[in-house]
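In what follows, a single structure is set out as structure tokens and then discussed.
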Amino acid sequence: MKDAAERVWARLQPEDFLWLSALAARAAPEGIALVGGAVRDALLGHTPLDLDVVVPGRNVEALARASGRPFVFHPAYGNATLALPDGRAADLVQARREHYPVPGGNPVPAPGTLDDDLRRRDFSVNALALHFSPRGQVTLRDVTGGLNDLEAGVLRPLHDRSFQDDPSRLVRGARLGARLGLRAHPELLAQVPAALALAPQTPRLWAELKLLLQEPRPGRAAAQLGAWGAGALLPDPALLLALDQWRAEGQSIPEAVYAAALLDAAPDPAALARRLGLGERPGALLARALSETFFPPGTPERTLRALLRPEAHEALTGKDVLALGVPPGRAVGEALAHLAALRRAGQLRSTDEERAALKAFLATKAQRN
């Protein structure tokens, strides 16, 4: 454990280590603990930037005030969000235990110890803590076997009712597993049916699905759900996986393009957009991408069109019509309308064919005049 603790604090930014140590000194007698993703990521060799701090046996609001940093207190759970000097935020969380009176509902918190707080979490790899004592001692706390699971590359829920208590943990696990390359523990797979049964009545699960679109590889996370037997939560991820590949090749693929591609694959795009809370923009982007309107290279519309209509050619624009000597005004609009009608009829399959059709149209019009 000592070696693991050293690996974590070696990855912390020096100013973060000093801030956590100073905070622990103010939090006597039990100190504080850096928990969750920050510890996990540090053990994987990354520098943690999102700091979640558990405060056992101490008033969080008073500790936040004593830290001297600007903060916002959240009385429902006794937590505080502090502003750090570099613009980041750190969360101070009152150590607690939780129980779920209704499966899929909100948990009911109660004061607890650091170990209680670690055991209430979703997966063992997220239940690791770096404890800072008021006297400056730093130790790794692992009460659920998370260190062994992380080293083995395994994602394991903390108890056999984990997904029944909170079905959104299924999607959170798929996001985490895809991002970190973790494989599912048999206990995780055994709990998938319980999560699916409660999914319709768990808004948090649909919020997690929306967050999936913010992952570095959304397609990989969606495919992970399918591999675990939860593919019914989302449409076929083939389009998202194609976008993942383009990202891996260096293309810039905005989240909105992923959202629009997801809607295109859905049997009822409007219903999926409502359920995920996507708003109207992804659907509008999809409509533009499927239209005949010209969009410059590098725009989201052009990127999405290349995915959904790879056979589509680059349509001529008003600029092309003007280049053939057509004067600005109504004649340009008539020429573009003629080309659009031919496209809808499937008579134009390339830019060259468009140019030939445009010249023929202009020649015919000139003869009539």
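The values are calculated or read from the model by the stated rules, or taken from the named source; none is laboratory data. All values reported here derive from a predicted model rather than from experimental measurement. In this analysis, Cβ positions are derived from the backbone assuming ideal geometry, glycine residues included, and neighbour counts consider all displayed protein chains. Ligands, DNA and RNA are excluded from the accessible area calculation, which covers all protein heavy atoms including side chains. Shrake-Rupley method; radii C 1.70, N 1.55, O 1.52, S 1.80 Å.
Listed values, structure above:
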{"item": "Matching option when the condition is surrounded by fewer than 17 Cβ atoms within 10 Å (Cβ to Cβ), among the polar types (S, T, N, Q) and closer than 30 Å to Leu158 by Cα, among Gln224, Gln214, Gln245", "result": "Gln214"}
{"item": "Single unsatisfied condition, Leu240 versus (1) in contact (Cβ under 8 Å) with a residue 40 or more places away in the chain; (2) farther than 22 Å from Pro167 by Cα; (3) touching a Phe, Trp or Tyr at 6+ places or on another chain (Cβ under 7 Å)", "result": "(1)"}
{"item": "Qualifying residue in the stretch 7-29 (condition: outside any helix (DSSP H, G or I) and open to solvent by 80 Å² or more (accessible area, probe 1.4 Å))", "result": "yes"}
{"item": "Considering residues of the stretch 30-42 that are of a type in the set (D, E, K, R) and part of a helix (DSSP H, G or I) only, the residue surrounded by the fewest Cβ atoms within 10 Å (Cβ to Cβ)", "result": "Asp41"}
{"item": "Qualifying position, being at positive phi, small (Gly, Ala, Ser) and more than 30 Å from the chain's Cα centre (by Cα), among Gly45, Gly68", "result": "Gly68"}
{"item": "Conditions (1) out of contact with any Ser or Thr (no Cβ under 7 Å at 6 or more places or on another chain); (2) at pLDDT below 95; number of the one not met by Arg204", "result": "(1)"}
{"item": "Qualifying residue in the stretch 273-286 (condition: open to solvent by 70 Å² or more (accessible area, probe 1.4 Å), within 30 Å of Glu187 (Cα to Cα) and touching a residue at least 12 places away in the same chain (Cβ under 8 Å))", "result": "yes"}
{"item": "Residues of the stretch 246-259 satisfying the condition of being under 10 Å from Leu213 (Cα atoms) and either out of contact with any helix residue (DSSP H, G or I) (no Cβ under 6 Å at 6 or more places or on another chain) or polar (S, T, N, Q) (or both)", "result": "Glu255"}
{"item": "So Leu262, is it closer than 19 Å to Leu212 by Cα, open to solvent by less than 30 Å² (accessible area, probe 1.4 Å), among the aliphatic types (A, V, I, L, M) and in contact with a helix residue (DSSP H, G or I) (Cβ under 8 Å, 6 or more places away or on another chain)", "result": "yes"}
{"item": "Residue pairs meeting the criteria (Cβ under 7 Å; at least 6 apart or on separate chains; first over 13 Å from Glu215 (Cα atoms) and of a type in the set (S, T, N, Q), in the stretch 169-191; second open to solvent by less than 10 Å² (accessible area, probe 1.4 Å) and in a helix (DSSP H, G or I))", "result": "Gln191/Ser162; Gln191/Phe163"}
{"item": "Verdict on Glu151 being among the acidic types (Asp, Glu) and either in contact with an Asp or Glu (Cβ under 9 Å, 6 or more places away or on another chain) or within 23 Å of Glu30 (Cα to Cα) (or both)", "result": "no"}
{"item": "Single residue of the stretch 196-219 satisfying the filter (in contact with an Asp or Glu (Cβ under 7 Å, 6 or more places away or on another chain) and not in a helix (DSSP H, G or I)) that is farthest from Leu278 (Cα to Cα)", "result": "Arg217"}
{"item": "Meets criteria (hydrophobic (A, V, I, L, M, F, W, C), in contact with a Gly (Cβ under 9 Å, 6 or more places away or on another chain) and touching a residue at least 12 places away in the same chain (Cβ under 8 Å)) for Leu213", "result": "no"}
{"item": "Pairs where the first residue, in the stretch 63-87, is free of Cβ contacts under 8 Å to residues at least 12 places away in the same chain and the second is part of a strand (DSSP E or B) and loosely packed, with under 13 Cβ neighbours inside 10 Å, C-beta under 8 Å, 6+ apart", "result": "Thr81/Val72"}
{"item": "Unique match (being over 29 Å from Leu211 (Cα atoms), open to solvent by less than 70 Å² (accessible area, probe 1.4 Å), in a loop (DSSP other than H, G, I, E, B) and of a type in the set (Val, Ile, Thr)) among Val326, Val321", "result": "Val326"}
{"item": "Residue among Glu314, Glu334, Glu301 that alone is of a type outside the set (A, V, I, L, M), in contact with a Ser or Thr (Cβ under 8 Å, 6 or more places away or on another chain) and modelled with pLDDT under 80", "result": "Glu314"}
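Residues checked against (1) modelled with pLDDT under 95; (2) farther than 28 Å from Ala197 by Cβ; (3) of a type in the set (Lys, Arg); (4) touching a Leu at 6+ places or on another chain (Cβ under 6 Å):
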| site | (1), (2), (3), (4) |
| --- | --- |
| Ala66 | yes, yes, no, no |
| His74 | yes, yes, no, no |
| Tyr77 | yes, no, no, no |
| Asp86 | yes, yes, no, no |
| Gln94 | yes, yes, no, no |
| Asn106 | yes, no, no, no |
| Val125 | no, no, no, yes |
| Leu130 | no, yes, no, yes |
